[in-house]
1. Once the dipole of the chain is set up with Lys and Arg at +1 and Asp and Glu at -1 on Cβ about the Cα centre, which of GLN3, GLN81, GLN111 lies farthest towards its positive end?
2. Normalising by the residue count of the stretch 1-106, find the relative contact order in percent from Cα pairs under 8 Å and 6+ residues apart.
3. Quick one: the Cα spread of the stretch 22-61 along its three principal axes, in angstroms, biggest first?
4. Could you order TRP109, TRP36, TRP102 so the one with the most accessible surface comes first? Probe is 1.4 Å.
5. How big, on average over all directions, is the shadow cast by the Cα convex hull of the chain, in nm²?
6. Give the Rg (one decimal place) followed by the Dmax (whole number) of the stretch 1-49, computed from C-alpha coordinates and expressed in Å.
7. Once you've got the GNM for the chain with C-alpha springs shorter than 10 Å, pick whichever of ALA23, ALA100, ALA49 has the biggest mean-square fluctuation.
8. Heavy atoms only, probe 1.4 angstrom, no DNA, RNA or ligands counted: give me LEU47, LEU18 ranked by accessible area, highest first.
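The values are calculated or read from the model by the stated rules, or taken from the named source; none is laboratory data. Since the model is a prediction, treat every value here as computed from it, not as a measurement. Positions of Cβ are backbone-derived with ideal geometry, glycine not excepted, and every protein chain shown enters the neighbour counts. These area figures cover heavy atoms from the full protein model, side chains too; ligands, DNA and RNA do not enter into them. Shrake-Rupley method; radii C 1.70, N 1.55, O 1.52, S 1.80 Å.
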Amino acid sequence: QVQLVESGGGLVQPGGSLRLSCAASGSSSSIIAMGWYRQAPGKERELVATITNGGRTNYASSVKGRFTISRDNAKNTAFLQMNSLKPEDTAVYYCNLEAAGWRRDYTYWGQGTQVTVSS
């Protein structure tokens, strides 16, 4: 089993920056990828950014150029640096981890951390 602990959410003014962290604990020796998703009230959960074990990244068009995902493989921790934040970035941000199992792959989710962008 894998547990994901998220931190770094909070209230920030438009144009400000915030850095989210997601630490994975437990049996996670075969991580395929980690990522961040977000969900605003009344809307579907959407992909924000992902990073594979090999370091390949993928971003949603709405955050490309403003957000940067990174990973510390030694600590099984993913980060999301968010710059030039906009009110529309307000959402609950969820950490995601995909791991390779014996006969199948497993997907894990964090509890989510609130990010609010408001003046």
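1. Toward the positive end, the furthest listed residue is GLN81.
2. Computed value for the stretch 1-106: 34 percent relative contact order.
3. Dimensions of the stretch 22-61 along the principal axes of its Cα atoms: 36, 23, 12 Å.
4. Correct descending sequence by accessible area is TRP102, TRP109, TRP36.
5. The Cα convex hull of the chain, projected and averaged over all directions, gives 7.2 nm².
6. For the stretch 1-49, the Cα-based Rg and Dmax read 13.6, 38 Å.
7. ALA100
8. LEU47, LEU18
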